[in-house]
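Structure first, commentary second.
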């Protein structure tokens, strides 16, 4: 399987990405999705969440949930997270709310 990973946070130093670029990337995932491959995101506990909410790594689950939901809303179909049980509940709730029919793969 080929999929594209829209990697928030990871390449900040390599590409000079700014804090707001992480949010822009999540907002504009449809552009990547239009390439025809499933899009993977891995925003779990990332520094852009910590900087935005002023929280340490172990307290970023709500920010992760928001980023995952935004990512799915904008085209992500594969999600990599640390807190699988909690984020799965968020994704299932979102799916029911939006009557989502697409397949989503969730893993850590």
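Quick look at the values:
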| quantity | calculated |
| --- | --- |
| Residue that is modelled with the highest pLDDT, among those in the range 14-50 that are surrounded by fewer than 12 Cβ atoms within 10 Å (Cβ to Cβ) and at positive phi | 36 |
| Every residue from the range 40-59 that is over 22 Å from residue 88 (Cα atoms) and touching a residue at least 24 places away in the same chain (Cβ under 8 Å) | 51, 52 |
| Residue that is farthest from residue 23 (Cα to Cα) [pool: residues in the range 70-86 that are under 8 Å from the mean Cα position of the chain (by Cα) and surrounded by 20 or more Cβ atoms within 10 Å (Cβ to Cβ)] | 79 |
| Count - residues of the range 51-67 that are under 23 Å from residue 33 (Cα atoms) and modelled with pLDDT under 95 | 0 |
| Residue under evaluation residue 37, criteria (1) in contact with a helix residue (DSSP H, G or I) (Cβ under 8 Å, 6 or more places away or on another chain); (2) part of a loop (DSSP other than H, G, I, E, B); (3) touching a residue at least 12 places away in the same chain (Cβ under 8 Å), criterion not met | (1) |
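The values are calculated or read from the model by the stated rules, or taken from the named source; none is laboratory data. This structure is a prediction, so every number in the text was calculated from the model and none was measured. Here Cβ is always computed from backbone atoms with ideal geometry, including for glycine, and neighbour counts include all displayed protein chains.
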